[in-house]
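Presented below is the structure to which this report refers.
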Amino acid sequence: MDIQTILTYAVLILIAIVVAFILYKVLKTAKNLIINIVLGFIIFFIGGFIVDNYLISYFPGAEPINYFSLVNLIITALTGVFGALVLLILSLFGITF
């Protein structure tokens, strides 16, 4: 084996390690984002049920939540848990989308 072949293999191994590291970081971040979005939808639907059935009578201007409004679904999908909580709080004050 000559030196050029050894250097080629070394460069290919180094490139493979860098690509594996980048994929690990991206997939780790994607996993966290997916968990946040799923938890956001769970909180939105369970919190909406609680707001609609129990809390709406305690707030005079409260509005029921439209679960399948495109705006509500997009906000929850993009912001996750934080967006779901904001939508629930806004519905208690009578602001719905």
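The values are calculated or read from the model by the stated rules, or taken from the named source; none is laboratory data. On a predicted model such as this, the values are computed, not experimentally measured, just so you know. All Cβ positions, glycine included, derive from the backbone under ideal geometry; neighbour counts span all protein chains shown.
So the values come out like this:
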{"read-out": "Spans of helices (runs of 4 or more DSSP H) in the stretch 1-93 with at least 1 residues loosely packed, with under 10 Cβ neighbours inside 10 Å", "value": "3-50, 70-79"}
{"read-out": "Residue within the stretch 54-77 that is more than 14 Å from the chain's Cα centre (by Cα) and charged (D, E, K, R) present", "value": "yes"}
{"read-out": "So I95, is it of a type in the set (A, V, I, L, M) and at pLDDT 90 or above", "value": "no"}
{"read-out": "Residue in the stretch 52-66 that is of a type in the set (D, E) and in contact (Cβ under 8 Å) with a residue 24 or more places away in the chain present", "value": "yes"}
{"read-out": "The stretch 79-97 residues that are more than 13 Å from L55 (Cβ to Cβ), paired with ones that are of a type in the set (D, E, K, R) and surrounded by 15 or more Cβ atoms within 10 Å (Cβ to Cβ) (beta carbon under 6 Å, 6 or more apart)", "value": "T96/E63"}
